[in-house]
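Heads up: the structure comes next, in structure tokens.
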Amino acid sequence: MLPIIFRFTFTTVWAQVLLFVLLGGLVGYITFNGWRTAVGEKDPKTGARRPVTKQDRMWRAAYYGASGLALAGVGLWYALPSGSFLGVGGKGEGFPLHTYGVLLASGFIAAVTVAGRLAQDEWRKLEWVGGQWVDTEGPRKREQVMDMAFWVLVGGILGSRLLFVMVNWRDYAKDWTQVFSLGGGLVFYGGLIGASVAAWLFARSHHIDFLRLADVCIPTVSLGQCLGRLGCFGAGCCWGDVAPAGAASAVHFPGPGLARDLLGHLGGGSSLAYSSQAEDVRYVVEATGQVLHEAAPGAVRISDWVLQHGHTLGVYPTQLFESLGQMVLFGGLLYARRHRRFHGHIFALWLMAYAVLRSTVELFRGDVERGTLHGLLQSLGASGLAESVPLEAWYNVSTSQFISLCMFTFGAVLLYQKGRKGGDEAASGLGPTPSAA
């Protein structure tokens, strides 16, 4: 694994000058985009927008520019050493290029790009204009999907953070200000719910059939997750349960003395799996991978073992399991689009298929931080009931497994109800045909 690809530092004068130039160019680009994308005000009577004026452009450019300056100021404070940023203390962290962030961003960009292309094909409408056939609707829908991507991103981040805080609410109850900490975690299912709400609101405001839009976009979620889970593997999060010693599929995540960047330099940090196991007071029988709450013959304390070896025990690479499953799901749904019978068909299939995939992968997960029934009972003060649901018990379902069950049920109901009416929609025409409007 590779938690940090490279860390950009700005300890020299020339490096700091370069940083100011780059951030200045970024602020300028953001300001220009505000000027370029300005729109006129709406007429309260007709709802039509009047032509954009120079004042409209200036106000929008100023708003974008101020936002860019604020972001640049935060970036400078975070990256520059103490005293070098306007004479005040900085964090001196530089700009670490995290594998997780790079792959997560790559997954999002890939998903949005493919979704835009699928939307253009879905809503293609050919008309005879100027002596040639021109697609008058597809490009517009593609641009709408691109616009929606921003709100989906915001909704996904807020939803994933909110669910993480809800799962770990006892930790945040001690200091609620940590809710806004940049070091907090994210939960995929929370992001999916938040992104879905944002997409639904966008579709409603733009008079787009949400289920049809979902059929177009939902396969690309699996494409994004395929790359995103590789980022999880790079960061050492979402790790699997302890595997028997010598298991061919087992992987070890490094501690701070072993984790290096792309150039072989020590990264100064450790994988999240190592940090968790270094504080795990349970016991493990290394030969079988069995985790125990009490000392037993042949068992060692997990924290003692990982601190002695500098890396985690061998665990299942659940990140790679899900990444592979998501790629198969992406390809399968693209093929299934050719045989749709109604709007929402692909969406329902994805809900059910991903629920099965995620629930299966969860059986091999070992990170108790993700939230389980045992942890929920403890957080509610029901310690007696929590003891009857051991962490390692098969019936100690995780938060994600519970959501998967609900999601599968919703997908099955949608498939049944819409399937009964599918004949009418099929007769009206589905899919990326030239006449589809």
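Bear in mind that the values in this text are calculations on the coordinates, not laboratory data. As the structure is a computational prediction, the values presented were derived from the model and not from experiment. Backbone-built Cβ (ideal geometry, glycine too); neighbour counts: all protein chains shown.
At a glance:
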quantity: Gaussian network model of the chain, springs between alpha carbon atoms under 10 Å - residue of P390, P51, P244 with greatest fluctuation; calculated: P51
quantity: Whole-angstrom gap from region 184-232 to region 281-331, using each part's C-alpha centre; calculated: 31 Å
quantity: Positive minus negative residues near G190 (Lys, Arg vs Asp, Glu; Cβ under 12 Å); calculated: +2
quantity: Of T12, T220, T53, the one that fluctuates the most in a GNM where the chain has Cα springs shorter than 10 Å; calculated: T53
quantity: Relative contact order computed over the chain (Cα-Cα under 8 Å; 6+ residues apart), in percent; calculated: 16 percent
quantity: Value of Rg to Rh for the chain (Rh from inverse mean 1/r over Cα pairs, i.e. Kirkwood); calculated: 1.01
quantity: Net charge over other residues, Cβ less than 10 angstrom from the Cβ of G325 (K, R count +1; D, E count -1); calculated: +1
quantity: Simple spin-label estimate for D147 and E127 in nanometres, 7 Å along Cα-Cβ; calculated: 1.8 nm
quantity: Separation in nanometres of the label points that stand 7 Å from Cα toward Cβ, at V13 and R117; calculated: 5.0 nm
quantity: 10 Å beta-carbon shell around D43, net charge (K/R +1, D/E -1); calculated: +3
quantity: For H98, distant residues with modelled amide H under 5 Å away; calculated: I5
quantity: Kyte-Doolittle mean at least -0.5, axial Cα span of 15 Å or more - DSSP H helices of the chain; calculated: 13-36, 54-79, 99-122, 138-167, 188-205, 210-235, 318-336, 345-362, 399-420
quantity: Neighbour cut-off at most 11 other Cβ (10 Å), DSSP loop, GluC sites (Glu not before Pro), region 248-332; calculated: E279, E294
quantity: Using a Förster distance of 22 Å, the FRET efficiency for Y395-D304 (Cβ separation, nearest 0.05); calculated: 0.15
quantity: Percentage relative contact order, region 1-93, counting C-alpha pairs under 8 Å, at least six apart; calculated: 26 percent
quantity: Förster radius 45 Å - calculated FRET efficiency between V74 and R140, Cβ distance, rounded to 0.05; calculated: 0.80
quantity: Cα-based shape type of region 272-314, given that a ≥ b ≥ c are square roots of the gyration tensor eigenvalues and the cut on a/c is 1.5; calculated: prolate
quantity: 222 nm mean residue ellipticity, helices alone, for the chain (DSSP H n ≥ 4; -39,500 (n - 2.57); rounded to 500); calculated: -19000 deg cm²/dmol
quantity: Percent RCO, i.e. relative contact order, over region 41-143, from Cα pairs under 8 Å lying at least 6 residues apart; calculated: 12 percent
quantity: Cα gyration tensor category, rounded, prolate or oblate, for region 1-154 with a/c compared to 1.5; calculated: oblate
